[in-house]
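These notes concern the structure reproduced below.
The values are calculated or read from the model by the stated rules, or taken from the named source; none is laboratory data. Quick caveat, the model's predicted, so the values are computed rather than measured. Neighbour counts are summed over all protein chains in view; Cβ atoms, including those assigned to glycine, are modelled from backbone coordinates with ideal geometry. The area values use the complete protein model at the heavy-atom level, side chains included, leaving out ligands, DNA and RNA. Shrake-Rupley method; radii C 1.70, N 1.55, O 1.52, S 1.80 Å.
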Amino acid sequence: MTESTLAIRGARMLVNGELRRRDILVAGGRIAKIDRAVDAEAPTLDASGLVALPGAIDAHVHFREPGATHKEDWASGSRAALAGGVTTVLDMPNTTPPTTSAAALADKRRLASASSLVDWGLFFGLTERNLAEALAAQGIAGIKVYLGSSTGGLLVLSDATLDGLFAAYGGTVVVHAEDERLILQKLAGLGHAPLPLDHGRIRDVPGALEAVRRALEPAARHGGRLHVAHVSSPDEVEAVVRARAEGVRVTCEVTPHHLLLDESFVVAYGARGKVNPPLRPLPARDALWELVRAGAVDLVATDHAPHLLSEKDLAYPQAAAGLPSVELLLPLLLESAAERRLSLSDVVRLSSEAPARAFGIERKGRLEPEHDADIVLVDLLAVRSVNAAAIRSRCGWSPYAGRRLRGWPVYTLVRGHVAFGPSGYDASRRGREVTFRSAR
Ligand code: DOR
Ligand code: ZN
């Protein structure tokens with residue numbers, strides 16, 4: 001298997017920010033050569049008319065296996081990912097049971113190995129009681145800390161626990177930055193039974209900012225490595241940028257929904273738009289775009305959080321929080337490029353280069369020799385509307401249904417294997433666990 005080769009011929013790719021025609025020779029799952037013509041006798045994939053990009057790396061997904069496979073599992077989630085041009089996912093620990101013990105980590109590794117069609121990495125979840133076990137976990141993407149409760153009930157309230165983590169851990173700490181005490185205070189002070197639009201008041205920007213501050217403080221003191229998940233406001237990004245200027249090793253991500261949806265989605269669809277952190281009013285979204293364009297936001301990750309519509313379209317308190325989008329990651333970003341909100345180089349940086357760098361994923365994130373041949377061949381001229389009936393995620397719906405998007409993946413290759421293409425999926429090969437550089 002390792003010596004199998006493939007020549008991708010006729011594609012264009014970004015060379016110093018410009019699209020140029022190049023052939024890509026793949027050998028043993030890695031990129032062997034990129035040149036104007038590769039004249040090996042390798043089998044050919046005719047990519048004329050298509051643009052080759054490094055496969056997207058979604059650093060924040062919830063694939064729900066084990067425990068909630070009626071919403072998603074590694075097979076369905078990874079198929080959805082491939083359709084969205086995603087070749088690597090990093091999965092969050094709020095499964096059932098949660099990934100908060102060595103046994104649960106081993107079990108999730110077994111499940112992902114058996115079914116994922118994309119490469120993958122796993123986060124370990126911190127609780128108030130498992131610090132030693134979290135620190136002992138090997139080969140993980142990082143340790144996830146929920147400072148506010150969300151789906152699954154993982155929660156760290158104590159600053160001492162957070163401090164102990166940063167004091168001892170050399171890897172990446174990812175925080176869900178919403179402050180639980182402030183959330184509960186706002187909820188108690190509401191004065192009426194909460195409705196969908198109250199979500200943004202209960203989980204407001206000051207509450208998010210306070211959690212970012214609580215995470216930055218020990219990260220700065222111990223020189224730890226911090227990643228702030230799903231920023232929802234310019235305020236959070238500005239706090240990250242200030243800390244970075246002071247030497248803190250901190251990065252942040254934004255979701256497609258915080259860039260492309262806003263509170264009006266909740267006005268239109270009620271609790272279906274419930275997500276943590278909440279969709280904000282339009283000005284926050286516009287300001288986030290500015291910060292993305294300025295490079296202040298490091299990367300885009302979907303926070304793909306599949307729930308069935310029957311679990312979403314309920315009274316606000318009972319409705320599940322979260323929005324799915326892994327299978328639209330590249331189409332949504334390519335549409336933003338078509339609208340000239342981003343350049344194609346920005347798309348690659350935000351969806352592939354930066355996540356590989358932020359998490360230290362080996363051999364991923366670039367179309368360069370020696371890197372894994374994780375390649376998505378996109379048709380920038382393909383125009384399609386998001387069809388809810390054709391959603392591959394088991395949740396079976398999309399908040400972007402009906403949107404016309406320009407630019408779609410045609411082929412998605414994982415380590416040189418065409419896993420998704422015009423004739424559908426080739427599920428004959430499984431994804432592998434990625435490896436992380438420990439020194440960073
Ligand atoms: O809305 C959310 N849903 N936010 C999270 O942090 C978790 C996610 C989920 O797992 O459903
Ligand atoms: Zn999440």
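Adding -39500 (n - 2.57) for every DSSP H run of four residues or longer, then dividing by how many residues the chain holds, sets the calculated 222 nm ellipticity at -8500 deg cm²/dmol. Extending each Cα 7 Å along its Cβ direction at Asp107 and Arg437, get the distance between those two points in nm, one decimal. Computed distance between label sites Asp107 and Arg437 equals 3.5 nm. For Tyr425, Tyr400, the ranking by accessible surface with the largest value first comes to Tyr425, Tyr400, using a 1.4 Å probe. Rounded to the nearest 20 debye, the dipole magnitude of segment 202-346 is 320 debye, with +1 charges on Lys and Arg beta carbons, -1 on Asp and Glu beta carbons, and the Cα centre as origin.
A 1.4 Å probe over all protein chains sorts Glu246, Glu65, Glu253, Glu18 by accessible area into Glu246, Glu18, Glu65, Glu253, starting with the largest. Per residue, the chain exposes 37 Å² of accessible surface when a 1.4 Å probe is rolled over the protein heavy atoms with every protein chain present. Note on segment 1-95: with charges restricted to the Cβ of Lys and Arg (+1) and Asp and Glu (-1), its dipole about the Cα centre is near 300 debye.
Using θ = phi - 60° in the Karplus curve 6.51 cos²θ - 1.76 cosθ + 1.60, the 3J(HN,Hα) couplings for segment 405-415 round to 10, 10, x, 9, x, 9, 10, 10, 10, 10, 6 Hz; x is entered for Gly and Pro. For the Cα trace of segment 153-192, dividing Rg by the Kirkwood Rh returns an Rg/Rh value of 1.12. Near Arg341, no amide H atom lies under 5 Å from its own; only residues 5 or more places off or on other chains count, and H is placed 1.01 Å from N.
Counting only DSSP beta bridges whose two residues both lie in segment 22-168, roughly 30 percent are antiparallel. Once backbone amide H atoms are built at 1.01 Å from N, His371 has Ile31 as its partners under 5 Å, excluding neighbours fewer than 5 places away on the same chain. For segment 318-400, a Kirkwood hydrodynamic radius built from all Cα pairs, placed in the Stokes-Einstein relation at 10 °C and 1.306 mPa s, yields a translational diffusion coefficient of 107 µm²/s.
The mean sequence distance of close C-alpha pairs (under 8 Å, at least 6 residues apart), as a share of the length of segment 57-211, puts its relative contact order at 17 percent.
Remark: for residue pairs Lys144/Lys364; Lys33/Lys364; Lys71/Lys186; Lys71/Lys144, the C-alpha separation exceeds 26 Å in Lys71/Lys186.
By the compact-protein rule of thumb, 2.2 N^0.38 Å, the alpha-carbon radius of gyration of segment 159-302 corresponds to a ratio of 1.06. Dipole size of the chain about its Cα centre, with +1 on Lys/Arg Cβ and -1 on Asp/Glu Cβ: approximately 420 debye, rounded to the nearest 20. Along its principal axes, segment 190-232 has C-alpha extents of 43, 18, 11 angstrom, given from the largest down. For segment 295-439, carbon and sulfur atoms together expose 47% of the accessible surface, with a 1.4 angstrom probe and every protein chain in place.
Taking Gly84, Gly365, Gly247 in turn, the Gaussian network model of the chain (Cα-Cα springs below 10 Å) assigns the largest fluctuation to Gly247.
Backbone geometry of segment 275-283 corresponds, through the Karplus equation with coefficients 6.51, -1.76 and 1.60 at θ = phi - 60°, to 3J(HN,Hα) couplings of 7, 10, x, x, 5, 9, x, 3, x Hz, x marking Gly and Pro. For segment 299-440, evaluate the Debye formula with one uniform point scatterer on each Cα (no solvent term) and list log10 I(q)/I(0) at q = 0.12, 0.15, 0.18, 0.19 Å⁻¹, rounded to two decimals. Each listed q maps to, in turn, -0.59, -0.91, -1.22, -1.31. For Lys108, the aspartates and glutamates whose Cα comes closer than 12 Å to its Cα, not counting residues fewer than 8 places off in the same chain, are Glu65, Asp73, Asp91, Glu433. Relative contact order of segment 134-278, taken over Cα pairs closer than 8 Å and 6 or more residues apart, is 24 percent. The ellipsoid equivalent to the alpha-carbon distribution of segment 1-156 has semi-axes of 38, 15, 15 angstrom, derived from the gyration tensor eigenvalues as √(5λ) and listed largest first. Please give the Cα centre distance for segment 55-82 versus segment 189-256, rounded to the nearest Å. When both Cα centres are located, 25 Å separates them. With bins 5 Å wide beginning at 0, the percent of Cα pairs of segment 278-320 falling in each bin runs 5, 17, 15, 19, 15, 13, 12, 4. Amide hydrogen proximity for Leu122: with H placed 1.01 Å from N in the peptide plane, the residues at 5 or more positions away or on another chain lying under 5 Å are Asp91, Ala141. Across segment 312-322, computed HN-Hα scalar couplings (Karplus, 6.51 cos²θ - 1.76 cosθ + 1.60, θ = phi - 60°) run 9, 7, 10, 4, 3, x, 8, 5, 6, 9, x Hz from first to last residue, x flagging Gly and Pro. Please report the relative contact order for the chain, taking Cα pairs under 8 Å with a sequence separation of at least 6, and give it as a percent rounded to a whole number. Once divided by the residue count of the chain, the mean separation gives 20 percent. The three principal axes of the Cα atoms in the chain give end-to-end lengths of 70, 46, 42 Å, sorted in falling order.
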